[in-house]
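Heads up: the structure comes next, in structure tokens.
The values are calculated or read from the model by the stated rules, or taken from the named source; none is laboratory data. The model shown is predicted, which means the values in this text are computed figures rather than measured ones. Neighbour counts run over all protein chains shown; Cβ positions are idealised from the backbone, glycine included. Just the protein is used for accessible areas: all its heavy atoms, side chains included, with ligands, DNA and RNA removed. Shrake-Rupley method; radii C 1.70, N 1.55, O 1.52, S 1.80 Å.
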Amino acid sequence: AAPGDSVELAHAKSWFRPPPHADRHVLVADLAGLPAISRLIENRAHRDTTAIVEVRDEDDLDYLPKQPALRLIPSIGTGNGVTESVLPNLVAQHCSATDLGYCWFAGEASAARTVRKFLRRVQGWTTDQTDVVGYWRRDADQWSDRFAPHGPRMYSIYEKAIAEGK
């Protein structure tokens, strides 16, 4: 952000909400989600937790709290606006259809969409087993340009829905 830029504050759209029957947790994030995943590891690490993180440099892993029982699966030098994210592939390797697990994901929007579709449609996970959030968009400028003409109408629809209590 730079002086004069607009900043929008919005309420959280997804929280860490594992179902009580989840026998393991899979926490997934790129650099944008690193603060959140660090907090989850520190405060809520399940006895069977796997953290899958995509970072630019190995030093970025120092940000994560050390938990002896945590299984850490890092991908260094991928995603994060530099290359395509490998997080969807790593989730596919570590979340099976037989899991009674829970997956929390925070990362690039298209990777989030791929992970959500995989877990729900391919693996058959239920909505209470996943909280998948797109924190940012790799092609944000192109996306913004494409939808700019529709912004005022969409905001009016949104404001009307909020006013109606939706």
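Here are the numbers:
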quantity: Residues that are more than 25 Å from E84 (Cα to Cα) and either out of contact with any strand residue (DSSP E or B) (no Cβ under 9 Å at 6 or more places or on another chain) or assigned to a helix (DSSP H, G or I) (or both), drawn from segment 24-39; calculated: R39
quantity: Unmet requirement for T130, which otherwise passes all of (1) of a type outside the set (D, E, K, R); (2) over 14 Å from V28 (Cβ atoms); (3) in contact with a Lys or Arg (Cβ under 8 Å, 6 or more places away or on another chain); calculated: (2)
quantity: Leading residue by the ranking (modelled with the highest pLDDT) among those in segment 107-166 that are assigned to a strand (DSSP E or B) and either among the small types (G, A, S) or open to solvent by 80 Å² or more (accessible area, probe 1.4 Å) (or both); calculated: G107
quantity: Criterion: at pLDDT 95 or above, of a type in the set (S, T, Y) and either under 22 Å from R138 (Cβ atoms) or surrounded by 17 or more Cβ atoms within 10 Å (Cβ to Cβ) (or both) - qualifying residue of S38, S14, S75; calculated: S75
quantity: Residues of segment 78-120 that turn out to be in contact (Cβ under 8 Å) with a residue 60 or more places away in the chain and closer than 23 Å to R137 by Cα, as a count; calculated: 10
quantity: Filter result for E8 (charged (D, E, K, R), farther than 29 Å from G124 by Cα and free of Cβ contacts under 8 Å to residues at least 40 places away in the same chain); calculated: yes
quantity: Scope segment 82-101; condition open to solvent by less than 40 Å² (accessible area, probe 1.4 Å) and at pLDDT below 95; matching residues; calculated: C95, D99, G101
quantity: Qualifying residue in segment 142-159 (condition: charged (D, E, K, R) and within 13 Å of the chain's Cα centre (by Cα)); calculated: no
